[in-house]
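*Asks:* Structure in structure tokens, see below.
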Amino acid sequence: MLFNSLQFFVFFIIVTALYFALPHRFRWCLLLLASCYFYMVFVPAYILILGFTIVVDYFAGIYIERSHDKRRKLFLVCSLIANIGVLAVFKYYNFINNNLTVLLQGVGLHNSIPYLSILLPIGLSFHTFQAMSYTIEVYRGNQKAEKHFGIYALYVMFYPQLVAGPIERPQNLLHQFREEHHFQSDNFKNGLLLMAFGLFKKVVIADRLSIAVDHAFNNYQGQSGLSLTVAMFFYSFQIYCDFSGYSEMAIGAAEIMGFKLMTNFNAPYFSRSISEFWKRWHISLSTWFRDYLYITMGGNRVSNKKTYVNLFIVFVVSGLWHGANWTFVIWGALHGIFIMIEKWLNDMKIKIFRWQNIVSHWMEVFCTFCLATFAWIFFRAENYGKAIAIIHKIFASSMSDRLDLQLNHTELLFCFFLIALLLVKEKYFMKLHVQQYRTFLLLMIVLTASCYLFGVFNNKQFIYFQF
Amino acid sequence: MRRTLLLLLIAIFASIMIVSTSGKLMRQVTQYRTSTTSALGSEKYRYGDLYGLSYLPGFKIENDFLASGVPPDSCPVKRFINLYVAGDSYLGDAFVESDSIFCSVKSYWYLKTNSSDIKHVRLATGETNILLIEVVERDLRSFSDTDYIMGKMLMDDSIHGQSKMTVGRFSSLVFQALSNPSINQNIEFNMFDYKIFTPVKEMKASLNWNVFGRVNDDVLISPDGKYLLYRQTIDSTSKNGSFTPMSDKELNNLVRSLNTFYAYYKSKGFDDVLFSVIPNPVTILYPHMGRYNEMIPRVQQHPDLKIPIIDIYDLFKNTNMQIYFTSDTHWNMNGFHIWLNEFNKKLMTYHEK
């Protein structure tokens with residue numbers, strides 16, 4: 001079920017109203033059923049996969065807590081194998097098999113391993129990672145094993161963040177299901193506003209920019225360098241508005257019911273370095289990798305050389321997390337390289353912009369944005385060859401290039417206006433807490449009217465659903 | 001007070017969800033709301049289905065449906081044919097108000113093939129039973145899958161065991177309800193398709209058209225600005241498009257399917273099985289908008305085709321009359337009458353058993 005659909009609108013009203021109408025002891029049941037329905041609307045059968053990981057991790061958590069030493073580790077490993085196994089089969093099997101075929105063909109051999117004709121379960125990487133964070137935290141002793149199966153299932157399946165995050169930690173979310181939440185007007189106002197802003201980002205900004213981006217990237221051979229350059233910058237904002245819009249709707253939907261989910265974005269395009277960018281972009285994933293992979297590999301406590309390698313590995317894995325395609329690996333590797341260069345410059349105490357003034361501040365912001373935007377080309381392109389062809393064209397742009405993005409002049413200007421509006425909002429009104437009902441109503445009317453009049457309603461999925 | 005409010009909210013929205021999910025309830029609601037002119041009435045189809053998608057005020061034209069045709073004078077008085085039609089909305093009740101418009105027809109049975117409807121047929125033995133399979137050009141490629149007709153129009157010998165509610169059937173119903181592809185359109189219809197909202201929808205449509213040059217994704221304005229066209233019929237990448245190339249292999253598959261229908265239903269007792277394709281408006285009115293794939297003439301003139309054809313392609317190409325609605329995907333009464341005359345000519349060739 002898409003957040004930008006009428007089905008969700010009706011579903012959300014029913015579930016939220018029922019949530020506050022029911023006594024506290026039945027609420028987990030309602031939320032679990034609602035989450036099952038929410039997930040099954042995509043492909044009903046895939047709930048079985050989710051069910052499998054839930055059962056495995058539920059028992060793994062309990063056994064890890066009860067056991068000592070090697071057995072603890074054994075249960076953790078079993079849980080990780082089950083989770084990663086599901087990911088490997090449904091997400092990476094065909095990718096690995098495909099690469100094996102290419103490798104074997106290189107040495108004149110035939111690969112007889114069959115391909116699986118299966119659809120990737122929606123949001124698989126998200127809920128698998130959330131499930132893994134639970135068993136790891138139980139193993140580390142930071143979280144008590146959840147004995148209530150329903151509550152644990154709800155932790156993995158909580159519908160606002162089930163298919164595209166934020167990837168929660170058990171310490172933050174699990175206890176909230178046991179707490180009784182009363183209707184609070186502040187939560188209602190702020191949650192609803194956050195949802196409205198998220199919807200605005202998705203349907204007004206992201207989906208309108210996607211008209212130009214899709215046109216340029218799908219017909220890149222006939223496109224000028226200028227069109228592709230503009231499309232590349234538009235894509236940066238499209239993916240940001242698409243994903244952060246989803247996160248805001250998720251956080252807002254949960255907040256109305258009294259749940260606090262972690263922040264997932266913090267104006268990432270105002271970052272002054274790539275490392276800062278990753279502290280502001282998809283925070284729940286970057287902290288997951290930091291906590292469970294980077295630190296496990298030794299983090300900063302190892303030699304300088306090893307730290308570089310660790311950083312690179314983490315970003316490559318993060319790329320692979322996004323999708324089973326070399327373009328995602330390259331995207332992750334590019335970020336890894338940027339971070340390594342940045343760390344080397346810091347270690348060498350070399351500053352590219354030596355002045356400490358507003359100009360250097362904005363130059364750093366602009367350069368970081370350009371680097372991130374460049375890397376997005378690999379994220380957006382379907383294959384490596386296409387990404388390289390697009391980059392060739394972009395670097396061969398000239399002033400005489402024609403701009404053809406299937407937008408008329410007014411719509412093109414409108415897109416730039418929307419981006420400017422977004423940046424102003426992110427810079428000055430990142431967190432909006434409205435106290436007065438009058439202001440809240442005014443904002444809601446403006447946002448709803450804007451979404452309706454200027455929104456592009458084409459049932460376009462959220463980009464991150466595919467992960 | 002708060003609890004009462006919550007319960008009211010739940011009751012209203014749960015009803016909307018249930019109605020929008022159920023195909024049966026939706027059909028009843030749609031039937032009621034499209035036929036009433038009260039405040040509860042729907043405006044979606046009143047001015048044409050393409051107006052209902054685009055809401056462009058310039059195309060808000062009251063269409064003259066239900067002007068029933070009159071059978072030709074030469075029609076025999078005696079009515080002896082049981083006519084079975086497996087067709088789409090072109091022969092739906094918006095056009096066929098009564099079976100009296102068909103020559104010699106004493107009973108009319110209709111299955112809407114582009115819906116989830118499944119119907120059973122039990123033929124009256126000793127009587128003349130004629131089956132007409134009708135399809136609009138944009139859906140013709142779907143006929144390559146024989147289930148498109150044979151999975152929906154079931155002969156009486158395949159009825160057994162269908163009505164029992166088994167676990168498998170129940171779960172399939174649940175799955176169908178969960179993944180109802182029309183749920184968002186249904187909710188939109190139930191919540192926002194009222195006269196009171198039409199001015200707002202028209203304002204949005206005008207704003208997007210005049211400022212951004214955009215109309216609803218499913219609609220296109222014809223080059224001369226006279227017609228609204230269904231975009232998928234122009235899109236050369238869509239399987240429904242008039243300009244989508246059709247390979248010989250696809251053509252042969254399609255003809256093979258049509259022959260399968262013919263052989264199957266003849267073997268089940270029909271005296272004749274006929275086939276008719278209604279051209280897409282763009283095929284007749286704006287063939288220069290792309291390179292026409294010649295699907296209709298290629299199918300109809302295929303040397304292996306066995307099923308008899310009610311051919312209106314050339315008649316439509318050569319007529320000077322306006323044969324399509326300007327804000328609807330369907331033919332108007334002129335177009336329907338051209339087809340009806342051809343069909344009646346064919347019906348008059350049958351003799352009572």
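None of the figures in this text is laboratory data; all of them are computed from the coordinates on show. Bear in mind that the values here come from a model prediction, so they are computed numbers and not experimental data. Neighbour counts run over all protein chains shown; Cβ positions are idealised from the backbone, glycine included.
*Asks:* Roughly how many Å is it from the Cα centre of region B:88-137 to that of region B:241-301, as a whole number?
*Replies:* 19
*Asks:* At a Cα cut-off below 18 Å, give the aspartates and glutamates reachable from A:LYS343, other chains included and same-chain residues fewer than 8 away excluded.
*Replies:* A:GLU276, A:GLU364
*Asks:* Other chains' Cβ within 10 Å of A:32-45 residues: what's the mean? Intermediate values should be presented prior to the final figure.
*Replies:* Working: counts 0, 0, 0, 0, 1, 1, 0, 1, 4, 5, 2, 3, 7, 1.
Per-residue shielding by partner chains comes out at 2.
*Asks:* Which lysines, if any, have their Cα less than 27 Å from the Cα of B:LYS201, not counting same-chain residues under 8 positions apart?
*Replies:* List returned: A:LYS201, A:LYS202, A:LYS460, B:LYS44, B:LYS60, B:LYS226.
*Asks:* Shielding of A:3-11 by partners, i.e. mean partner chain Cβ atoms within 10 Å per residue?
*Replies:* Mean shielding by partner chains, rounded to a whole number: 5.
*Asks:* Set the Förster radius R0 to 30 Å, insert the Cβ-Cβ distance between B:SER115 and A:ALA45 as r into 1/(1 + (r/R0)^6), and round the FRET efficiency to 0.05.
*Replies:* Working: r = 25 Å, r/R0 = 0.83.
Approximately 0.75, to the nearest 0.05.
*Asks:* For Cα pairs less than 8 Å apart in space and 6+ apart in sequence, what is the mean separation divided by the residue count of region A:6-180, i.e. the relative contact order in percent? Before the final figure, lay out the partial values.
*Replies:* Numbers: 167 pairs, mean separation 53.1, N = 175.
It comes to 30 percent, rounded to a whole number.
*Asks:* Oh, and also: Taking the Cα centre of chain A as the origin and placing charges on Cβ (Lys, Arg +1; Asp, Glu -1), which of A:TYR292, A:GLY150, A:LEU405 is farthest toward the positive end of the dipole?
*Replies:* Towards the positive end, the residue furthest out is A:TYR292.
*Asks:* Calculated FRET efficiency, B:ASP304 and B:THR349, Cβ-Cβ r, R0 25 Å, to nearest 0.05?
*Replies:* E(calc), rounded to 0.05, equals 0.60.
*Asks:* Which whole-number percent of Cα pairs in region A:45-98 have a distance greater than 12 Å?
*Replies:* Values: 951 of 1431 pairs.
Summing the P(r) of region A:45-98 above 12 Å gives 66 percent of all pairs.
*Asks:* Taking the alpha-carbon centroid of each part, what is the distance from region B:6-50 to region A:371-432 in angstrom?
*Replies:* Region B:6-50 and region A:371-432 have Cα centres spaced 42 Å from each other.
*Asks:* Relative contact order for chain B using alpha-carbon pairs under 8 Å, separation at least 6, rounded to a whole percent? Write down the numbers at each step before the final one.
*Replies:* Values: 516 pairs, mean separation 79.4, N = 353.
Normalised by residue count, the contact order of chain B is 22 percent.
*Asks:* Another one. With charges only on Cβ, +1 for K and R and -1 for D and E, what is the dipole size of region B:184-244 about its Cα centre, in debye, rounded to 20? All intermediate terms of the calculation are to be shown ahead of the outcome.
*Replies:* Working: 7 positive and 7 negative charges, 14 e Å.
For this selection, approximately 60 debye.
*Asks:* Please figure out what share of the DSSP beta bridges in chain B is antiparallel and state it in percent, rounded to the nearest 5.
*Replies:* Numbers: 4 of 28 bridges.
Expressed as a percentage, antiparallel bridges in chain B total about 15.
*Asks:* Can I ask one more? Put +1 on the Cβ of each Lys and Arg and -1 on the Cβ of each Asp and Glu in region A:186-466; which of A:TYR246, A:VAL359, A:TRP376 then has its Cα farthest toward the positive end of the dipole?
*Replies:* About the Cα centre, the residue reaching furthest to the positive side is A:VAL359.
*Asks:* By Kyte-Doolittle mean hydropathy of at least -1.0 and Cα axial length of at least 30 Å, which whole DSSP H helices of chain A are selected? Show your work: numbers first, answer last.
*Replies:* Details: long enough: A:225-256 (46 Å, 0.84); A:326-347 (31 Å, 0.79); A:358-380 (32 Å, 1.33).
Span-like helices, by this rule, are A:225-256, A:326-347, A:358-380.
*Asks:* To continue, here is another question. For the residue pair A:ILE337 and B:GLN28, what label-to-label distance in nm results when each label sits 7 Å from Cα along the Cα-to-beta-carbon direction?
*Replies:* Output for this residue pair reads 6.5 nm.
*Asks:* Then there's this: Using a simple spin-label model with points 7 Å from Cα along the Cα→Cβ vector, what separation in nm is obtained for B:THR36 and B:HIS288?
*Replies:* Label at B:THR36, label at B:HIS288, 4.8 nm between them.
*Asks:* Here's another thing I want to ask about it. Can you tell me how much longer the chain between A:VAL107 and A:VAL424 gets when fully stretched, taken as 0.36 nm per residue apart minus their C-alpha distance, in nm with one decimal? Intermediate results must be reported in sequence, preceding the final value.
*Replies:* Numbers: separation 317, 0.36 × 317 = 114.12 nm, distance 5.62 nm.
Going from the current span to full extension adds 108.5 nm.
*Asks:* Could you tell me the calculated FRET efficiency between A:CYS29 and A:GLN171, based on Cβ-Cβ distance and R0 = 25 angstrom, to the nearest 0.05? If you can, show how the numbers build up before the last one.
*Replies:* On the way: r = 23 Å, r/R0 = 0.94.
Once the sixth-power term is evaluated, E becomes 0.60.
*Asks:* Next up: Per-residue counts of other Cβ atoms within 10 Å, averaged by peptide: what ranking do you get for A:229-238, B:231-240, highest first?
*Replies:* Values: A:229-238: 23.2, B:231-240: 17.0.
Peptide ranking by packing, descending: A:229-238, B:231-240.
*Asks:* With the dipole of chain B worked out from charges on the C-beta (+1 for Lys and Arg, -1 for Asp and Glu) around the Cα centre, which of B:ASN210, B:ALA263, B:THR244 lies farthest toward the positive end?
*Replies:* The Cα lying farthest towards the positive end belongs to B:ASN210.
*Asks:* Separate question: Quick one: work out the % antiparallel among DSSP beta bridges in the protein assembly as shown, nearest 5. The partial results should precede the final answer.
*Replies:* Details: 4 of 28 bridges.
Percent antiparallel among DSSP bridges in the protein assembly as shown is about 15.
*Asks:* Sticking with this one: Report the Cα-based extents of region A:271-346 along its three principal axes, largest first, to the nearest Å.
*Replies:* Rounded to whole Å, the extents work out to 31, 27, 22 Å.
*Asks:* Can you show me the helix-derived [θ] at 222 nm for the protein assembly as shown, built from DSSP H runs with n ≥ 4 at -39,500 (n - 2.57) apiece and divided by the number of residues, rounded to the nearest 500.
*Replies:* Numbers: 32 runs with 444 residues, N = 820.
Result for the protein assembly as shown: -17500 deg cm²/dmol, rounded to the nearest 500.
*Asks:* For region A:186-466, with only Lys/Arg (+1) and Asp/Glu (-1) charged at the beta-carbon, what is the dipole magnitude about the Cα centre, in debye rounded to 20? Present the calculation step by step, with values, prior to reporting the outcome.
*Replies:* Values: 25 positive and 16 negative charges, 146 e Å.
Dipole about the Cα centre, nearest 20: 700 debye.
*Asks:* Given Cα pairs under 8 Å that are at least 6 residues apart, what percent is the relative contact order of chain A? Before the final figure, lay out the partial values.
*Replies:* Values: 602 pairs, mean separation 93.1, N = 467.
Value for chain A: 20 percent.
*Asks:* Also, I was wondering about something else. Among rounded, prolate and oblate, which fits region A:6-180 when a ≥ b ≥ c are the square roots of the eigenvalues of its C-alpha gyration tensor, a/c under 1.5 means rounded, and a/b larger than b/c means prolate?
*Replies:* On the way: a/c = 3.14, a/b = 1.42, b/c = 2.21.
Oblate shape, in that a/c is at least 1.5 and b/c is the bigger or equal ratio.
*Asks:* Please state the charge dipole magnitude for the protein assembly as shown, taken about the Cα centre, from unit charges on C-beta atoms (+1 on K and R, -1 on D and E), reported in debye and rounded to the nearest 20.
*Replies:* Numbers: 75 positive and 60 negative charges, 598 e Å.
The dipole of the protein assembly as shown has a size of about 2880 debye.
*Asks:* Moving on. Between the alpha-carbon centers of region A:59-116 and region A:245-323, tell me the distance in whole angstrom.
*Replies:* Result: 24 Å between the Cα centres.
*Asks:* Quantify how strongly other chains surround peptide B:203-212 by giving the mean number of their Cβ atoms within 10 Å of each of its Cβ atoms.
*Replies:* Values: counts 2, 5, 0, 0, 2, 4, 0, 1, 5, 10.
That average works out to 3.
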